[in-house]
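So the structure is just underneath, and the comments pick up after that.
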Amino acid sequence: MTDHSTTPGDAVLYASEDRIATITLNRAEAHNRLDHDIVAGLEAAWRRFAASDDLVAVLTAAGRNFTVGADLNDIPHDLYRGIPGMGVPVDKPVIGAVRGWCVGGGMVLTTMCDLLVAARTARFSYPEVKVGFSGGLISNLAARIPHKIAMELLLVGEPVSAERAYEVGYVNRLVDEGGEAAAALELAQRIRAAAPLAVSMLKRFAAQVLPQGPSERAAAARVQVDAVNTSADGAEGMAAFRDKRPPVFRGE
């Protein structure tokens, strides 16, 4: 069964086939610059994936570049909402498929993927120190690749090649340009054939082993606070206070 649909504003596409989800950044004409629509679309896609019977997701992008980073005219300071495992709890595997440039928040996205496939021509960059702002989410990179390699990326702000990213363990597979999505799908098919309960448990356990940066911990707390404050119980409590009556809470 194949299901093709969109998330808010069509900025992100969601397709499901044989229990594999494909989530696609869909702003090729803008090189998939990260803006509020992209973040909202990603958040909706991860929520759908987490609630679905899909077993694994492939994260990819339309056009020549995965993403060239934040849209400086519409900077999504709430980027964490669109990051799997930060803005949305996801205990199923996510495989990234990258071509072209993967910049800024794109590196945050790919850092939170469980596996990563890249075209040999791909480039990874986190240039925020050259722009003068950063949300700090990328600090968890230092727990995923050698510390000094991570610090060179973060403090110098120069791009690294896909080959270098592969050498330091950031990328699992290098393929010819145009073959990254197929290679990611092949990995997804292998994971789909595995025992789902064991896969989810191992992903959760591995996440507990990895240290979290301050911004990542803050994002996780913010998500939980927002869930309480926007809940039906929250609305009921406010209404009951205004109406001067006892609230009826339902745990929803």
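Cα centroid separation, region 79-101 to region 167-229: 7 Å. Ranked by the mean number of other Cβ atoms within 10 Å per residue, highest first, peptides 58-67, 139-148 order as 58-67, 139-148. Were the residues from Leu72 through Val129 laid out at 0.36 nm apart, the gain over their Cα-Cα distance would be 19.1 nm. Secondary structure note: in the chain, about 35% of the DSSP beta bridges are antiparallel. Normalised by 2.2 N^0.38 Å, where N counts its residues, the alpha-carbon radius of gyration of region 125-252 equals 1.56. In this label model, Leu197 and Ala182 are separated by 3.7 nm, measuring between points 7 Å along each Cα→Cβ vector. The angle between the Cα long axis of helix 147-156 and the main principal axis of the chain comes to about 90°, on a 0 to 90 degree scale.
With the simple spin-label model, which puts each label point 7 Å out from Cα in the Cβ direction, the Phe205 to Thr121 separation comes to 4.2 nm.
If packing is taken as the average number of other Cβ atoms within 10 Å across a peptide's residues, how do 226-235, 155-164 rank, most packed first?
For the peptides 226-235, 155-164, the packing ranking is 155-164, 226-235.
Partners of Lys92 within straight-line reach, counting lysines whose Cα lies under 18 Å from its Cα and excluding those fewer than 8 residues away in the same chain: Lys203. Cross-link partners of Lys148 among lysines, defined as those whose alpha carbon lies under 20 angstrom from its own and excluding same-chain residues fewer than eight positions apart: Lys130. This model, with +1 at the C-beta of Lys and Arg and -1 at the C-beta of Asp and Glu, gives the chain a dipole about its Cα centre of some 540 debye.
Computed from the C-beta positions of Asp226 and Glu167, the FRET efficiency with R₀ = 41 Å rounds to 0.55. The label-point distance for Glu17 and Ser52, in a model that sets each label 7 Å from Cα toward Cβ, rounds to 1.3 nm. Leu25 sits among other residues whose Cβ lies under 14 Å from its own Cβ, and their net charge, with Lys and Arg +1 and Asp and Glu -1, is -3. Note on the chain: with a GNM built from Cα contacts shorter than 10 Å, the maximum mean-square fluctuation among Arg27, Arg120, Arg204 falls on Arg204. With the Kirkwood sum run over all distinct C-alpha pairs, the chain has a hydrodynamic radius of 18.9 Å.
For the Cα atoms of the chain, what angle does the longest principal axis make with the long axis of helix 214-229, in degrees from 0 to 90, nearest 10? So the helix axis and the longest Cα principal axis differ by about 30 degrees.
Laboratory data are not the source of any read-out in this text; all were calculated from the coordinates shown. In this text, all values refer to a predicted model and were calculated from it rather than measured experimentally. Neighbour counts are summed over all protein chains in view; Cβ atoms, including those assigned to glycine, are modelled from backbone coordinates with ideal geometry.
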